[in-house]
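Since the structure comes first, as structure tokens, the remarks are kept for the end.
The values are calculated or read from the model by the stated rules, or taken from the named source; none is laboratory data. What you see is a predicted model; the values in this text were computed from it and never measured. A quick note on method: Cβ atoms are made from the backbone with ideal geometry, for glycine too, and the neighbour counts reach across all protein chains shown. Side chains are part of the model used for accessible areas, which takes the heavy atoms of the whole protein and leaves out ligands, DNA and RNA. Shrake-Rupley method; radii C 1.70, N 1.55, O 1.52, S 1.80 Å.
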Amino acid sequence: MDFDSLFNAQLDTLKDEGNYRIFAELERKCGAFPKAKSHDEDCPEEVTVWCSNDYLGMGQHPKVIKSMQDAVAENGCGAGGTRNISGTNHQHKLLEAELADLHGKESALLFTSGYVSNWAALSTLGSRLPDAVILSDELNHASMIEGIRHARCNKVIWKHNDPEDLDRKLAALPSNATKIVAFESVYSMDGDICPMQEIVEVAEKHGAMTYLDEVHAVGMYGPRGGGVSEREGLADRITLIEGTLGKAFGVMGGYITGSEPMCDFIRSFSSGFIFTTALPPAVAAAARTSVAHLKQSDQERANQKIQVERLRKRLDDFGIPHLENPSHIIPVMIKDPVKCRMLADILMQDYGIYVQPINYPTVPKGTERLRFTPGPFHSDGDIEHLVQALATLWKQCAIAHQVA
């Protein structure tokens, strides 16, 4: 059988639909964020990155870099295997203590990514707790969906950010069910923020565990970067807070925080933890430095908010449609996959602006968009260059000047 023909047939369908993903070959320039060197022949050598999840540029912070360099010199490059085999490196324990403190929890547990932490924790909770039912917001991330699927327990989908629907769904469950309410704080594609207090109150009313994904909020919100749950004063009422070290903290890895027994339970039963090589000690050291820095420094967050508002205002000045939301994520709506890909290519090739098109299946068909994440190191000139380029392309491509 010609297997390549089977592969190519489906790839061709993706391309025809405008949903084939093309990855730009970029080289981040240390100390020059958000500038990067492009290795694509049709693009300028230097481009400005507008869609990074390194929201605050902490991946290039001098203290974070030095921390990683020092740890490599002291510990070498790798972890040597799983923590079960090679032991827990001291840097892992220091980072877990830092993360537990960030969220005001007893304990924390590290994973290799935010995807893995969601998949591992939810699958373990759902499969091991008696009569478990996971109630999942309908727009939860793919990693949460995969964890719930792998748990093979009963699941209930509730309407996005709708505490009343959640209340009805919880009330309909049998009294012996172990109820787990899974939701996010900041939803990365629309940039909306959940009504956290109402969700927590509904969960408490029904005796349900709360599982909160804060990956797009940690480092960004709250006086110490503990996320929306810290900002709203709700962290102590949430059973499990999950986060990432690869976005605002600028490094790599995922984690969960909660009670000592719960973290030990997941450590002891989760295959996604037990059988995965641990984070390199140098990565853990750099992440700990980043978390500790953002606990005491609000300057990065303050400057980032200024640039977010500046970009929103300039988009409004030119009538370029973007979803209104209270977060740092600015989705500019295109609503056509081919045009979305085309606009991204032109921005890159003609203007040195890198933004990745967001198409199906990441977002529903007909809601394709360009997702911008302005940071504290985007200059006013960067913003003006971006908006002028978008305004020119809007006229050329005849894209509607409103959000439906």
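Here are the numbers for this structure:
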{"item": "Between the range 272-297 and the range 92-158, the alpha-carbon center distance in angstrom", "result": "18 Å"}
{"item": "Order by protection proxy (mean Cβ within 10 Å, highest first), peptides 339-347, 39-47", "result": "339-347, 39-47"}
{"item": "J(HN,Hα) series, the range 195-206, from Karplus relation 6.51 cos²θ - 1.76 cosθ + 1.60, nearest Hz, glycine and proline x", "result": "x, 4, 4, 5, 5, 4, 5, 5, 4, 5, 4, 9"}
{"item": "Distant-in-sequence amide H partners of SER270 (H built 1.01 Å from N, under 5 Å)", "result": "none"}
{"item": "Paramagnetic reach from ASN84 (point 7 Å along Cα→Cβ, amide N under 13 Å) across the range 227-265", "result": "none"}
{"item": "Principal axis dimensions, the range 303-355 - Cα atoms, whole angstrom, descending", "result": "30, 23, 19"}
{"item": "Amide H contacts under 5 Å for GLY254, placed H, 5+ residues apart", "result": "PHE111, THR112, SER113, GLY114, LEU245"}
{"item": "Cβ crowding within 10 Å averaged over residues, with 18-26, 132-140 ranked highest first", "result": "132-140, 18-26"}
{"item": "Inter-site label distance for LEU6 and ARG149 at 7 Å from Cα along Cβ, in nm", "result": "1.9 nm"}
{"item": "For the range 1-159: accessible area per residue (Å², 1.4 Å)", "result": "54 Å²"}
{"item": "Mean shadow area of the range 91-245, taken as a quarter of the surface of its Cα convex hull (nm²)", "result": "8.4 nm²"}
{"item": "From phi via Karplus (6.51, -1.76, 1.60), per-residue ³J(HN,Hα) for the range 294-309 in Hz, x at Gly/Pro", "result": "6, 5, 10, 10, 9, 4, 4, 5, 5, 5, 5, 4, 4, 6, 4, 5"}
{"item": "20 Å cut-off, amide nitrogen to a point 7 angstrom out along LYS205 Cα→Cβ, residues in the range 154-174", "result": "156-174"}
{"item": "Length-normalised contact order of the range 89-241 in % [C-alpha pairs under 8 Å, at least 6 apart]", "result": "19 percent"}
{"item": "Relative contact order for the chain, counting Cα pairs under 8 Å that sit 6 or more residues apart, in percent", "result": "22 percent"}
{"item": "Average Cα contact separation per residue, the range 249-404, under 8 Å, 6 or more apart, as relative contact order %", "result": "24 percent"}
{"item": "For the range 385-396, 3J(HN,Hα) per residue [Karplus equation, 6.51 cos²θ - 1.76 cosθ + 1.60, θ = phi - 60°, Hz, x = Gly/Pro]", "result": "4, 5, 5, 4, 5, 4, 4, 5, 5, 4, 5, 5"}
{"item": "Accessible carbon and sulfur surface of the chain relative to its total accessible area, %, 1.4 Å", "result": "52 percent"}
{"item": "The range 317-393-the range 1-59 distance, computed between alpha-carbon centres (Å)", "result": "15 Å"}
